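One structure is given below, encoded as structure tokens.
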Amino acid sequence: MRDPVAIVGAGQTAHRSRRLDVSAPELIDEAVQAALLDARLEPDGIDAVVVGNMEHFEGIHLSDLWAVEGTGGAGKPQLKVATGGTTGSSLAQAAYYLVAGGFFRTVMAVGWERLSDSEGETTTGIVTAFDPIYERPTLAGAVSGLAILACQYQAKYGTRAEEAALVVVQARENAARNSHAHLRQPVTVAEVLASPVLSTPIRYLDMCPTSDGACAVVFTSRPGDGRAAWVRGVSSRHNHTYLGDVTEGSVSYLHTLRLAAEDAYRQAGVADPRQELDVVEMYEPCTWAAFEWAEALGLCGPGEAARMWAEGATRRDGEIPVNPSGGVLCTNPIGATGLIRVAEASMQVRGTAGERQVDGARLALATGFGGSFWSEVMVLAAER
Amino acid sequence: MRPVGIVGVAQTRHAERRDDVNYAELAFEVVSDLLARTGWSHDRIDTVITASSDFWDGRTISDMAVQDAAGAAGKSASKVSMDGTFALVYAAARIASGAYRTCLVVAHGKASEGNPRLIANAAFDPIFQRPMGIDDHTALGLQARAFLDRKGLTPEALAEAATQSAAAAAMNANAHRRQAAHVLVADPLHEDEIAPDSDGACAVLLADAETVRGEAVWLDGFGFATDVHGLGDRDLGEPGVLPQVAREAYRRAGVQDPDRELDVVEVHDASSAQTLLWREGLGLSESGGPAWNPSGGAMSAQPGFATGLVRVAEVFGRLARGEGKTGLAHGMTGFVGQAHCAWILRKRARA
């Protein structure tokens with residue numbers, strides 16, 4: 001029923017803690033030019049642009065309109081989508097629907113963030129998402145919400161801190177092979193356990209960084225002769241506004257991710273995700289979340305994720321590679337983060353992931369996480 | 001594109017201050033009204049697209065607060081951080097893709113909770129422009145002067161256009177402002193020649209051709225585009241990218257002669273100069289032609305990102321009441337018309 005849509009190009013900046021060498025439009029242009037080159041397109045080959053960025057982090061109102069010279073949207077249809085952590089994955093979905101609906105032939109999704117502009121106060125920006133009277137005084141941004149989730153997971157399965165630490169140890173090993181990644185130096189379990197506690201049980205090295213960076217991905221209904229990543233499943237689910245109302249009985253279980261994944265698997269004809277998926281690019285904001293997300297995605301049973309990581313199944317050469325790019329734990333320019341998952345997943349099935357390529361990847365999953373436990377999922381395949 | 005029809009619309013009574021509700025409650029009010037008017041319930045709505053501004057709401061991910069109000073829990077929702085007419089593009093695409101059959105679009109604006117001039121200032125270049133104190137009103141003044149100069153008009157033309165808008169607003173029960181003082185705000189614009197800052201919300205329910213049956217109002221074409229940012233990089237006296245946007249909308253809807261084929265036009269005019277300039281940008285003659293801003297346009301109420309969606313609701317209302325067959329609704333985002341969006345609505349039997 002839907003028109004087939006493919007990804008034919010992806011571009012990223014070098015993601016760093018501070019990109020003082022470029023302005024926001026220049027940073028964006030870096031990703032846009034790379035995506036155009038990858039897609040073998042000239043700027044006039046892009047019919048519309050979908051852009052995303054979170055205004056509170058940089059203190060720029062209508063940042064889409066300010067950055068239009070960088071996005072390539074000047075004189076073109078440009079749509080801004082901004083949904084917090086999910087912004088990047090929401091961009092991918094919006095670009096997909098604009099092409100699948102026949103509105104445009106080729107649409108570029110462009111996401112960016114310069115978190116250095118918030119001078120280390122990214123959490124201050126995130127805190128404003130919550131209800132000013134009931135929630136802000138007690139819920140200090142993203143870290144504390146994830147800490148609640150991690151505590152519940154820990155209580156349920158008796159998972160130890162050193163097991164969670166393995167997630168970032170493995171992520172850094174992967175990031176070392178990704179020249180775009182922000183944090184590429186290796187860490188050990190001992191170093192993670194020695195890093196300061198941010199909010200129990202999450203330590204500094206358990207948590208994703210804040211980065212400057214941009215990402216651009218080209219969606220089209222006319223992919224031409226080049227290698228394409230076909231969009232086979234698209235789904236998203238949202239939860240209640242107030243944290244106390246979220247999910248069925250427990251914050252700890254990412255119900256929305258399970259529902260979105262089941263819907264996307266159904267569209268893509270995936271019956272056994274662990275067996276059928278070749279690679280997963282997962283939006284894991286902290287080490288503990290990776291366990292929850294893997295279980296919600298059906299990559300393993302409840303309480304089995306820590307063992308899956310410990311056994312090496314999630315390594316780049318393992319049974320079900322998770323985040324061969326290094327993931328969000330190594331790179332996090334918020335408005336781009338979810339789009340980077342889609343870009344990396346598309347590169348894997350197009351066979352253009354270079355040093356971080358998973359051999360023979362044909363089917364990939366990209367996820368986004370944000371808001372009040374929102375989940376967005378996209379399944380990409382080498383075959384139409 | 002696969003046909004997308006409008007099931008129903010609702011808008012609040014727009015006001016200078018709605019201290020009785022927060023912005024999520026304002027959205028809840030308009031969604032509840034829409035459900036009451038259409039007889040629909042949330043379980044028939046597949047997906048939700050909201051339009052809001054994080055700066056105006058003073059909350060990042062401002063859509064988080066609106067999602068419960070829009071019945072989005074457990075569904076797929078997304079947010080367009082532009083005027084509601086742009087959100088309508090995404091909503092229509094979701095249905096046209098075949099992935100969803102029905103989509104609720106909700107937009108709100110609550111100017112009274114912030115300082116609209118200060119917020120506007122934060123959209124300009126932080127080094128070269130913000131320190132001058134430029135905001136939306138001063139930018140509108142520059143545009144109005146450039147427009148008068150290009151057309152060889154005197155400021156009386158602005159006053160006359162504002163008077164006509166006020167006369168129309170006087171007949172609009174939802175209007176926030178029916179008259180204002182003739183006090184200079186940003187030369188050559190006076191207070192009554194600049195659209196007010198309003199609290200208000202609007203909701204539009206879309207559905208596919210299987211759901212919308214019989215004679216109905218359909219979304220037959222759209223156009224949207226974004227201009228360059230710098231005020232100095234644009235000729236402010238010209239309608240910018242609007243003619244391009246209008247051509248796209250007319251092409252998609254098969255409109256050859258807008259003066260003759262359109263029965264009603266509603267535009268987001270942030271000043272009375274824009275009332276005149278957007279008319280030119282849409283390719284309409286200076287007189288005659290379709291009914292022009294019969295609600296009073298944005299000069300009657302300007303509730304942030306709901307302003308353009310209210311234009312859609314107004315055009316829908318007239319077509320649904322049999323006052324014409326074809327209408328155009330216009331929305332914009334940014335200052336002096338950096339981004340425009342236009343929709344052609346047509347009342348006809350199912351495609």
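The values are calculated or read from the model by the stated rules, or taken from the named source; none is laboratory data. For clarity, every value in this text was computed on a predicted model and none was experimentally measured. When we count neighbours, we look across all protein chains shown, and the Cβ atoms used for this are built from the backbone with ideal geometry, even at glycine. Accessible surface areas use protein heavy atoms only, side chains included; no ligands, DNA or RNA. Shrake-Rupley method; radii C 1.70, N 1.55, O 1.52, S 1.80 Å.
Table for the structure above
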{"read-out": "Net dipole in debye of chain B [+1 Lys, Arg Cβ; -1 Asp, Glu Cβ; about Cα centre; nearest 20]", "value": "1180"}
{"read-out": "Calculated from backbone phi, Karplus (6.51, -1.76, 1.60) coupling profile of the stretch A:200-217 in Hz, x at Gly/Pro", "value": "3, x, 7, 9, 3, 7, 7, 9, 5, x, 10, 10, 9, x, 9, 8, 9, 9"}
{"read-out": "Amide hydrogen neighbours beyond the local backbone of B:Val4, cut-off 5 Å, H modeled", "value": "B:Leu219"}
{"read-out": "Alpha-carbon centroids, the stretch A:217-232 and the stretch A:166-201: separation in whole Å", "value": "34"}
{"read-out": "0 to 90° range, to nearest 10: angle between helix B:242-253 axis and chain B longest Cα axis", "value": "20"}
{"read-out": "The stretch A:1-118: equivalent-ellipsoid semi-axes (sqrt of 5 x gyration tensor eigenvalues, Cα, Å)", "value": "23, 16, 13"}
{"read-out": "Point-to-point label distance, A:Arg384-A:Thr352, nm (Cα→Cβ direction, 7 Å offset)", "value": "1.9"}
{"read-out": "Mean accessible surface per residue for chain B, computed with a 1.4 Å probe while every protein chain stays in place, in Å²", "value": "33"}
{"read-out": "Lysines with Cα under 23 Å of B:Lys325, excluding same-chain neighbours fewer than 8 positions away", "value": "B:Lys347"}
{"read-out": "5 angstrom amide H check on A:Val51, placed H, neighbours 5+ away", "value": "A:Leu79, A:Lys80, A:Val81, A:Val110"}
{"read-out": "Average other protein chain Cβ within 10 Å of Cβ, residues A:231-241", "value": "5"}
{"read-out": "Trypsin sites (Lys or Arg not before Pro) within the stretch A:262-325: DSSP coil, no more than 11 neighbouring Cβ in 10 Å", "value": "none"}
{"read-out": "Value of relative contact order over the stretch B:117-216, rounded to a whole percent, pairs C-alpha under 8 Å and six or more apart", "value": "22"}
{"read-out": "Peptides A:281-290, A:175-184 ordered by average Cβ neighbours within 10 Å, highest first", "value": "A:281-290, A:175-184"}
{"read-out": "All-pairs Cα distance distribution in the protein assembly as shown, expressed in whole percent, bin size 20 Å", "value": "19, 53, 25, 3"}
{"read-out": "C-alpha long axis of helix B:307-320 to longest principal axis of chain B, angle in °", "value": "60"}
{"read-out": "Inter-part distance where the stretch B:26-98 and the stretch A:315-349 are each reduced to a Cα centre, Å", "value": "30"}
{"read-out": "Among B:Gly71, B:Gly39, B:Gly84, residue whose mean-square fluctuation peaks in a GNM of chain B (springs only between Cα atoms under 10 Å)", "value": "B:Gly39"}
{"read-out": "Residue mean of other protein chain beta carbons inside 10 Å, A:67-74", "value": "3"}
{"read-out": "Potential extension, A:Arg266-A:Arg40 segment - 0.36 nm per residue separation minus Cα distance", "value": "78.1 nm"}
{"read-out": "Degrees, to the nearest 10: B:156-169 long Cα axis against longest axis of chain B", "value": "30"}
{"read-out": "Three-way shape label, the stretch A:114-194, alpha-carbon gyration tensor, a/c 1.5", "value": "oblate"}
{"read-out": "A:Arg105/B:Thr38 FRET efficiency (R0 41 Å; Cβ-Cβ; nearest 0.05)", "value": "0.75"}
{"read-out": "Shielded by partner chains, the stretch B:28-73 residues - at least 50 Å² of accessible area, 1.4 Å probe, vs chain alone", "value": "B:Phe55, B:Arg59, B:Thr60, B:Ile61, B:Met64, B:Gln67, B:Asp68"}
{"read-out": "Karplus-derived HN-Hα couplings along the stretch B:106-120 (A = 6.51, B = -1.76, C = 1.60, θ = phi - 60°), whole Hz, x at Gly and Pro", "value": "10, 10, 9, x, 9, 4, 5, 7, x, 10, x, 6, 5, 5, 4"}
{"read-out": "Rg/Rg_globular for the stretch A:292-333, with Rg_globular taken as 2.2 N^0.38 Å and Rg from C-alpha atoms", "value": "1.18"}
{"read-out": "Karplus-derived 3J(HN,Hα), 6.51/-1.76/1.60, for each residue of the stretch B:83-98, Hz, glycine and proline x", "value": "4, x, 5, 6, 4, 5, 4, 5, 4, 5, 5, 4, 6, 4, 5, x"}
{"read-out": "Where GluC sites (Glu not before Pro) in DSSP loops with at most 13 other Cβ within 10 Å are excluded, longest remaining stretch of chain B", "value": "B:17-209"}
{"read-out": "Value of relative contact order over chain A, rounded to a whole percent, pairs C-alpha under 8 Å and six or more apart", "value": "25"}
{"read-out": "Distance histogram for the stretch B:20-112 (every C-alpha pair counted, 10 angstrom bins, percent rounded to whole numbers)", "value": "17, 52, 27, 3"}
{"read-out": "Residue with peak Gaussian network fluctuation, chain A [Cα springs, cutoff 10 Å], from A:Tyr265, A:Tyr153, A:Tyr242", "value": "A:Tyr242"}
{"read-out": "GNM result for chain A, Cα springs below 10 Å: residue of A:Val342, A:Val68, A:Val280 fluctuating most strongly", "value": "A:Val68"}
{"read-out": "Selected from A:Leu257, A:Ala176, A:Leu243, residue furthest toward positive end of dipole (the stretch A:168-262; charges at beta carbon)", "value": "A:Ala176"}
